[in-house]
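In what follows, a structure is listed as C-alpha cells, so that the remarks can point back to it.
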Amino acid sequence: MRQGTSDDYFDWRPATTDDIPVVRRVAAETWWQCYRGMISDGQIRYMLDWMYAPELLRRELQGLVNWLLLVRRVDRAVAGFAAWAPHDGAAARLHKLYVHPDHQRRGGAMLLLEAVTRQVTHAGHSALTLTVNRSNDEALAFYRRAGFVCQGQQCKEIGGGFVMDDYVMALSLEQAAGPATDRKSG
Ligand SMILES: CC(C)(COP(=O)(O)OP(=O)(O)OC[C@H]1O[C@@H](n2cnc3c(N)ncnc32)[C@H](O)[C@@H]1OP(=O)(O)O)[C@@H](O)C(=O)NCCC(=O)NCCS
C-alpha cells in the first residue's frame, strides 16, 4: 500500500565505495525475487557475480559511472539504486535501476529516474537510453509510464553460455525537464 508520496517516503543520495556491501545485498535480494523464472538461476548467479563484483563496483564508483542510492527517509536504509554513464554521443545510458521488492510501487524508481534525468540533462546529454529484458513486463510498464520508447532489440552474448535478450529504449530529454510523470519533481 502506498503511504504518502514518494517524496515523503524516499530520498536519494550519491553512493560511495562504503556502500558497496549494501548495493550487493540489495541487488542480490532484488535479482533473486524478481528475475527467477525470467532467466535461469545459473544466469542470475553469473550476472550477479560479474556485474556486482566489489572490484568492478569500486572502479565504477571512482570512475565515470554515477551511482545514486534510494533511501527511506525514516531510517536512511537503502531501498534501491540507479547507475548511469555517458554512452554514445549525446546519449547517456541508464545501466541500473533497482528497487528492493519490499519497497516497490511507492514511487521510488520514479524518484530515482527524475534525479538521474536531472543529472543527465545537467551534464549536457539530450537522451537517456537503456536495455531491458524483453520478458521483464514490470520494468517495461515502468519505463513506458516514464516516457521511454522502444528503439529496437538486441541479443547479446555475455559469456558463460548466456545471452541478454533485450529491448533498447530511449527517453528524449530535449523537450522535457525530466521523465513523463505526474509526480512533482523535487
Ligand atoms: C521496475 C522497478 C525499478 C520499478 O520500481 P518501483 O519503485 O516499484 O516503481 P514506481 O513505484 O516508481 O512506479 C511508477 C509507475 O511505473 C509503473 N509500474 C511500476 N511497477 C510496475 C509493475 N510491477 N507493473 C505495472 N506497472 C508498474 C506504474 O505506472 C507505477 O505507477 P503506480 O504505482 O502509481 O501505478 C522495480 O519493479 C524493480 O526494481 N524491478 C526489478 C529490477 C528491474 O527489473 N529493474 C529494471 C532493470 S532494466
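Being within 30 Å of S126 (Cα to Cα), open to solvent by less than 60 Å² (accessible area, probe 1.4 Å) and modelled with pLDDT of 95 or more holds for only one residue in G80, G42, and it is G80. Across the range 132-172, which residue is farthest from the ligand (Cβ to nearest atom) among those that are hydroxyl-bearing (S, T, Y) and free of Cβ contacts under 8 Å to residues at least 40 places away in the same chain? Top of the filtered list is Y167.
Looking at this structure, is N66 farther than 21 Å from S6 by Cα, within 14 Å of the chain's Cα centre (by Cα) and open to solvent by 40 Å² or more (accessible area, probe 1.4 Å)?
Considered against the rule, which asks whether it is farther than 21 Å from S6 by Cα, within 14 Å of the chain's Cα centre (by Cα) and open to solvent by 40 Å² or more (accessible area, probe 1.4 Å), N66 comes out as yes.
Can you confirm whether H95 is open to solvent by 10 Å² or more (accessible area, probe 1.4 Å), over 14 Å from the mean Cα position of the chain (by Cα) and either near the ligand (Cβ under 9 Å from one of its atoms) or within 23 Å of A28 (Cβ to Cβ) (or both)? No; evaluated as a whole, the condition is false for this residue.
What about G107, is it open to solvent by less than 60 Å² (accessible area, probe 1.4 Å) and at pLDDT below 95?
no
Is it fair to say T129 is away from the ligand (no atom under 13 Å from the Cβ) and open to solvent by less than 60 Å² (accessible area, probe 1.4 Å)? It is false that T129 is away from the ligand (no atom under 13 Å from the Cβ) and open to solvent by less than 60 Å² (accessible area, probe 1.4 Å).
Is it true that some residue in the range 24-31 is at pLDDT 95 or above, away from the ligand (no atom under 13 Å from the Cβ), of a type outside the set (A, V, I, L, M, F, W, C) and over 20 Å from K156 (Cβ atoms)?
If we filter the range 24-31 for residues that are at pLDDT 95 or above, which is where we start, we get 24-31.
Narrowing the set further to residues that are away from the ligand (no atom under 13 Å from the Cβ) leaves 24-25.
Next cut, of a type outside the set (A, V, I, L, M, F, W, C) only: 24-25.
Adding the requirement that they be over 20 Å from K156 (Cβ atoms) leaves 24-25.
Scanning the range 24-31, I find at least one residue that is at pLDDT 95 or above, away from the ligand (no atom under 13 Å from the Cβ), of a type outside the set (A, V, I, L, M, F, W, C) and over 20 Å from K156 (Cβ atoms), so the answer is yes.
Scanning the range 98-121 for residues that are of a type in the set (S, T, N, Q) and within 7 Å of the ligand (Cβ to nearest atom) yields a single hit, Q104.
Screening the candidates A82, A92 for the property of being touching a residue at least 12 places away in the same chain (Cβ under 8 Å), under 30 Å from R45 (Cβ atoms) and out of contact with any Phe, Trp or Tyr (no Cβ under 7 Å at 6 or more places or on another chain) yields one hit, A82. Please work out if D49 is open to solvent by 70 Å² or more (accessible area, probe 1.4 Å), within 20 Å of F162 (Cβ to Cβ) and acidic (D, E). The answer is yes for D49.
The values are calculated or read from the model by the stated rules, or taken from the named source; none is laboratory data. On a predicted model such as this, the values are computed, not experimentally measured, just so you know. Please note: Cβ atoms are built from the backbone with ideal geometry, for glycine as well, and neighbour counts cover all protein chains shown. Just the protein is used for accessible areas: all its heavy atoms, side chains included, with ligands, DNA and RNA removed. Shrake-Rupley method; radii C 1.70, N 1.55, O 1.52, S 1.80 Å.
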